[in-house]
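Below is one structure, written out as structure tokens; the observations come after it.
The values are calculated or read from the model by the stated rules, or taken from the named source; none is laboratory data. Not measured: the values here are computed from a predicted model. Every residue, glycine as well, gets a Cβ built from its backbone with ideal geometry; the counts of neighbours run over all protein chains shown. All accessible areas refer to the heavy atoms of the entire protein, side chains included, with ligands and DNA or RNA removed. Shrake-Rupley method; radii C 1.70, N 1.55, O 1.52, S 1.80 Å.
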Amino acid sequence: MALLDWINDATGSVVRGEGVTLRPPRSSDYEAWAALRQASQAYLQPWEPTWPEDDLTRPAFRRRLSIYAREMEAGNAWPYFILAGPDQALVGAVTLSNVRRGVAEAGSLGYWIGRPHAGRGHATAAVRAVVAHAFDTLKLHRVEAACVPTNLASRRVLEKAGFALEGQARAYLKINGAWADHLLFGIVNDAAGRGG
């Protein structure tokens, strides 16, 4: 689907971080994405919503890209694949979504790293890069993130990236088929100044 490649290249920007490159997903990423998600399913499943039956199929990936393109065009979300290493291999993804303008100027952050690449700092580097992009380029004031309390690796990523723990929400998201409490984190762009 060269058209989707063009759409994503045209509407999404490349963001660089420490040892990682972030760019919008493309249709040509399907095989690498599906292989990484399949190899990481048991690792990721405790922390993610239940995967649809057809989640790893090419048609489902195309639907995902179509949704991403619409959200980017509307300015509501910026999905990125995380590439790392000399071969720029796909190692995971990070998405800034639910972007609210006006009095909020905020967005929500989500991310995942494939099991073979976990523990190497890719998630922390990607989160830092997206937050910098959100503040410097998109001019957001606040970025929020949440994680299941038992997901210590995700919590460490947020803390290392400068997020502050702000509270806990009961039954916040449906994870792996059940409503789960989440720790709520936030980071504010203090350089943007203070408003009343």
*Which residues, counting only those in the stretch 15-42, are open to solvent by 80 Å² or more (accessible area, probe 1.4 Å) and touching a Lys or Arg at 6+ places or on another chain (Cβ under 6 Å)?*
none
*For Ala84, indicate whether it is in contact with a Phe, Trp or Tyr (Cβ under 7 Å, 6 or more places away or on another chain) and surrounded by 21 or more Cβ atoms within 10 Å (Cβ to Cβ).*
no
*Looking at (1) polar (S, T, N, Q); (2) within 16 Å of Val157 (Cα to Cα); (3) in contact with a strand residue (DSSP E or B) (Cβ under 6 Å, 6 or more places away or on another chain), can you tell me which one Thr124 breaks?*
(3)
_Identity of the residue in the stretch 69-118, without any contact (Cβ under 8 Å) to a residue 12 or more places away in the chain and among the basic types (Lys, Arg), that ends up farthest from Lys139 (Cα to Cα)_ = Arg70
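So which of Asp55, Asp5 is among the acidic types (Asp, Glu), over 22 Å from Val130 (Cα atoms), open to solvent by less than 40 Å² (accessible area, probe 1.4 Å) and at pLDDT below 95? Break it down stepwise before answering.
On the way: Asp5 fails: over 22 Å from Val130 (Cα atoms).
On inspection, the qualifying residue turns out to be Asp55.
Can you tell me how many residues within the stretch 130-154 are under 19 Å from Pro49 (Cβ atoms) and not β-branched (Val, Ile, Thr)? Give the steps one after another, and end with the answer.
Here is the first cut: in the stretch 130-154, the ones under 19 Å from Pro49 (Cβ atoms) are 144-151, 153-154.
Those left that are additionally not β-branched (Val, Ile, Thr): 144-147, 149, 151, 153-154.
Looking only at that region, the number is 8.
Against the definition (out of contact with any helix residue (DSSP H, G or I) (no Cβ under 8 Å at 6 or more places or on another chain), over 17 Å from Val14 (Cβ atoms), open to solvent by less than 20 Å² (accessible area, probe 1.4 Å) and part of a helix (DSSP H, G or I)), how does Ala60 come out, yes or no? Break it down stepwise before answering.
On the way: out of contact with any helix residue (DSSP H, G or I) (no Cβ under 8 Å at 6 or more places or on another chain): yes; over 17 Å from Val14 (Cβ atoms): yes; open to solvent by less than 20 Å² (accessible area, probe 1.4 Å): yes; part of a helix (DSSP H, G or I): yes.
Yes, satisfied.
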*In the stretch 73-115, which residues are under 15 Å from Ala34 (Cα atoms) and either among the basic types (Lys, Arg) or at pLDDT below 95 (or both)?*
Arg115
*Wholly within the stretch 67-136, which strands (runs of 3 or more DSSP E) include no fewer than the required count, namely at least 3 residues that are among the polar types (S, T, N, Q)?*
89-100
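Can you find, within the stretch 166-179, the residue that is surrounded by the most Cβ atoms within 10 Å (Cβ to Cβ) among those that are within 19 Å of the chain's Cα centre (by Cα) and assigned to a strand (DSSP E or B)?
The initial filter retains those residues of the stretch 166-179 that are within 19 Å of the chain's Cα centre (by Cα), namely 172-176.
Keeping just the survivors that are assigned to a strand (DSSP E or B) gives 172-175.
On the way: Tyr172: 16, Leu173: 15, Lys174: 11, Ile175: 19.
Taking the candidates together, the pick is Ile175.
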*Being open to solvent by 50 Å² or more (accessible area, probe 1.4 Å) and either in contact with a Pro (Cβ under 6 Å, 6 or more places away or on another chain) or closer than 16 Å to Ala126 by Cβ (or both) is the filter here, so list the residues in the stretch 156-165 that pass it.*
Arg156, Glu159, Lys160
*asked:* One residue is enough: does the stretch 142-155 have a residue meeting the conditions open to solvent by 70 Å² or more (accessible area, probe 1.4 Å) and either in contact with a Gly (Cβ under 8 Å, 6 or more places away or on another chain) or not in a helix (DSSP H, G or I) (or both)?
replied: yes
